[in-house]
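Only the coordinates and a few stated rules stand behind these numbers; no lab work does. Just so it is clear, the structure is predicted and the values come from calculations on it, not from any experiment. A quick note on method: Cβ atoms are made from the backbone with ideal geometry, for glycine too, and the neighbour counts reach across all protein chains shown.
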Amino acid sequence: MDTIIFDVDDTLYDQLVPFKIALRKLLKNSVSEQLLHEMYVSSRKHSDALFEKNLSGEVSLLDMQTYRITAACQESGINISFQEAVDFQENYLEEQHRIMLYKDIELLLDFLNSKNKQIALLTNGDKEHQSMKIKQLGLINWIPKEHHFISNEIGYGKPSEEVFLHIEKKLQLEKSKTVYIGDSFENDVVGAKQVGWHSIWMNHRKRAMPDIGIKPDLVFSNTKELLDSFQK
């Protein structure tokens, strides 16, 4: 592959870590590891469901953020107030200022640069928020700013074809020599495959593969497997 494009959230770092810390503050530690994981997955699901409405301006960023944690709590039989949802989001944001790259991802980025590969980022979300995380992760050390693509800045979000085609034009890439790596089957795998890119699904949350006639080229359950696949 000549061009390797990465998702950011829960692909390059463990997004569950800041979520767990913020949720434990909200629920006063009275929650099991299994329930924390289930609520994280639920929150991501509700966030994805509202993303297009947020992108179009129909739903505000704060409304999306408070809704996703409120809905995740409700699915687990926990009721929280709007203010508690706001407090959770503030704590979650604070913890996101402490996120770190997976160590194997650092090694992979070093390796790809040593091979003169074209590397880019494609992430859904608010420009300011995602830029903060990109900065915190130090990704500018490997990936030039002009290769940072954020959905709300482009005007289209994954899995729409438009956002992938936008990157094709900007990077002048070849479909057959391009791979997109991400953790969301619906956004990352489907989005990449529908425009003819290769796809690697980072399925470290052990989600079931949807039976929709689309499959990733490779599936990995951890970043060590991903690193090894490139270094072979």
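Some observations on this one:
- Binning all Cα-Cα separations of the chain at 5 Å, short to long from zero, yields these whole-percent fractions: 1, 6, 14, 19, 20, 18, 12, 7, 3, 1, 0.
- For segment 90-136 versus segment 7-70, the inter-centroid distance based on Cα atoms is 18 Å.
- For segment 1-53, fraction of C-alpha pairs farther apart than 14 Å, in %: 63
- Summary value for segment 1-135: 42 percent relative contact order, contacts being C-alpha pairs under 8 angstrom separated by 6+ residues.
- For the pair Val59 and Lys135, the difference between a 0.36 nm per residue extended length and the Cα-Cα distance amounts to 24.7 nm.
- Length-normalised contact order of segment 16-96 in % [C-alpha pairs under 8 Å, at least 6 apart]: 39
- Around the Cα centre of the chain, unit charges on the Cβ atoms of Lys, Arg, Asp and Glu (plus for the first two, minus for the last two) sum to a dipole of about 440 debye.
- Of Gly182, Gly77, Gly155, the one that fluctuates the most in a GNM where the chain has Cα springs shorter than 10 Å: Gly77
- Within the listed set Leu165, Leu55, Leu139, the residue fluctuating most in the Gaussian network model of the chain (springs between alpha-carbon atoms under 10 angstrom) is Leu165.
- Range in the chain, longest, excluding exposed GluC sites (Glu not before Pro) [loop by DSSP; at most 15 other beta-carbon atoms within 10 Å]: 59-173
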